Amino acid sequence: MPYPHVLLSAAVSLDGYLDDTGPERLLLSGPADFDRVDEVRAESDAILVGAGTLRADNPRLLVNSAERRAARLAAGRSEYPLKVAVSGSGDLDPAANFWPTGGEKVVYTSDGGAPRARAALGGLPDHGIEVVPVGPEIDWRAVLTHLHDVRGVRRLMVEGGGRVHTQLLREGLADELQLALAPLVVGEPDAPRLFGPGGYPGGPRNRMRLLGTRAVGDVVLMRYVPTAPGSGTAAVAADHRWLALACELAAACPPSRTAFSVGAVVVAADGTELARGHSRETDPADHAEEAALARIAADDPRLAGATVYSSLEPCARRSSRPTPCARLILDAGVRRVVTAWREPDTFVTGADGSGLLAAGGACVVVLPEYEERATAPNRHLLD
């Protein structure tokens with residue numbers, strides 16, 4: 001299911017803390033970074049925090065700049081982004097600054113927490129507060145699906161706390177991290193950290209990709225994107241990024257009237273790109289997956305845990321060469337494939353590369369939200 005673009009935003013100390021243990025909130029950044037955060041809020045459709053952050057910081061989560069609010073209205077958007085609170089217990093303070101300020105709010109909670117949340121907030125004036133239960137406990141995929149499908153959120157800014165950041169990153173649902181690194185050290189073992197322990201996609205050797213850094217006042221803003229593929233049928237944010245790249249490669253193919261234009265990327269479990277290729281890249285008969293796999297040593301141990309991203313379902317039969325791409329993938333030891341588009345009957349009737357892959361023990365994930373991008377360079381073959 002499509003989810004919003006999830007941006008994790010936080011300011012941290014040099015030793016990775018979000019705050020100290022004192023009674024007052026530790027301000028890790030200054031006016032220049034606060035203004036940057038205000039700009040990111042104005043660009044977002046919704047801003048999300050966990051109940052712990054509501055209790056500890058009592059934030060309002062507003063767009064403070066009148067000019068930015070006016071620009072939102074001029075663009076046909078609400079003056080303020082949707083404000084989102086997440087509380088498994090439903091234990092919420094109706095006197096918090098979060099409720100009377102800004103525009104509409106939604107609370108995601110558990111089935112058991114919903115009655116408590118409604119009871120706590122039921123006495124408030126009508127500030128457009130909706131309480132949405134998402135199961136026996138917080139199901140982040142259900143939260144993101146509801147935000148996308150029901151609330152129309154396409155860009156979600158997450159401002160904490162550490163537990164929320166940890167859960168979203170561990171489940172592979174964070175598309176981007178924006179971290180403001182403050183020039184101070186907290187050094188208190190009981191202070192809240194940005195990320196907690198747990199199993200993260202790709203394991204401890206997963207290196208995220210740095211998109212850029214810049215100074216903002218006396219802090220350094222760092223932007224990262226996760227790169228480690230998911231496992232099994234559950235797609236993670238990095239799966240979307242890699243499949244989007246495969247679709248870009250498909251657009252680079254030399255045009256043909258007798259073959260599809262396809263792009264492919266092979267990515268190791270830790271997020272390392274092993275190879276990429278596209279149709280007809282070096283030979284008129286080349287298929288994308290074939291071209292990519294040919295660039296990797298057959299005995300590379302990373303293939304066993306790798307994912308192949310292909311803009312089109314790998315072929316099960318072909319006339320140009322004896323071995324179809326689905327078989328090449330299985331023979332290479334790869335057991336996970338993510339694709340955007342099932343092969344139509346244009347050249348091969350009843351093509352079923354996914355079936356061949358599944359019969360060989362591979363997991364096939366189809367992300368249909370990328371089908372339009374994948375079919376675009378092949379439109380002349382489909383009309």
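Some notes on this structure:
- Residue count for region 110-155 satisfying the condition of being in a helix (DSSP H, G or I) and either in contact (Cβ under 8 Å) with a residue 60 or more places away in the chain or charged (D, E, K, R) (or both): 8.
- Selection status of His148, in the same structural domain as Tyr108 (by TED's automatic domain parsing), under 21 Å from Ala85 (Cβ atoms) and modelled with pLDDT under 95: no
- Pick from region 79-107, criterion polar (S, T, N, Q) and either over 24 Å from the mean Cα position of the chain (by Cα) or modelled with pLDDT under 95 (or both), ranking: surrounded by the fewest Cβ atoms within 10 Å (Cβ to Cβ): Ser89
- Looking only at region 254-284, and only at residues there that are part of a loop (DSSP other than H, G, I, E, B) and touching a Lys or Arg at 6+ places or on another chain (Cβ under 6 Å), the one that is nearest to Arg335 (Cα to Cα): Ala268
- Options Glu176, Glu248: the member that is more than 26 Å from Ala376 (Cα to Cα), out of contact with any Cys (no Cβ under 8 Å at 6 or more places or on another chain) and in contact (Cβ under 8 Å) with a residue 12 or more places away in the chain: Glu176
- The set of residues in region 150-183 being surrounded by fewer than 16 Cβ atoms within 10 Å (Cβ to Cβ) and farther than 20 Å from Arg241 by Cβ consists of Val150, Gly152, Pro183.
- Any chance Ala297 is over 21 Å from Cys247 (Cβ atoms), of a type outside the set (D, E, K, R) and either in a loop (DSSP other than H, G, I, E, B) or under 26 Å from the mean Cα position of the chain (by Cα) (or both): yes
- Val107 falls short on exactly one of the conditions (1) touching a residue at least 60 places away in the same chain (Cβ under 8 Å); (2) out of contact with any Gly (no Cβ under 7 Å at 6 or more places or on another chain), and that condition is (1).
- Residues in region 339-378 that are in contact (Cβ under 8 Å) with a residue 60 or more places away in the chain, farther than 15 Å from Ala259 by Cβ and not charged (D, E, K, R): Thr339, Ala340, Cys363, Val365, Leu367, Tyr370, Ala376.
The values are calculated or read from the model by the stated rules, or taken from the named source; none is laboratory data. If you're wondering where the values come from, they're calculated on a predicted model, not measured in any experiment. Neighbour counts are summed over all protein chains in view; Cβ atoms, including those assigned to glycine, are modelled from backbone coordinates with ideal geometry.
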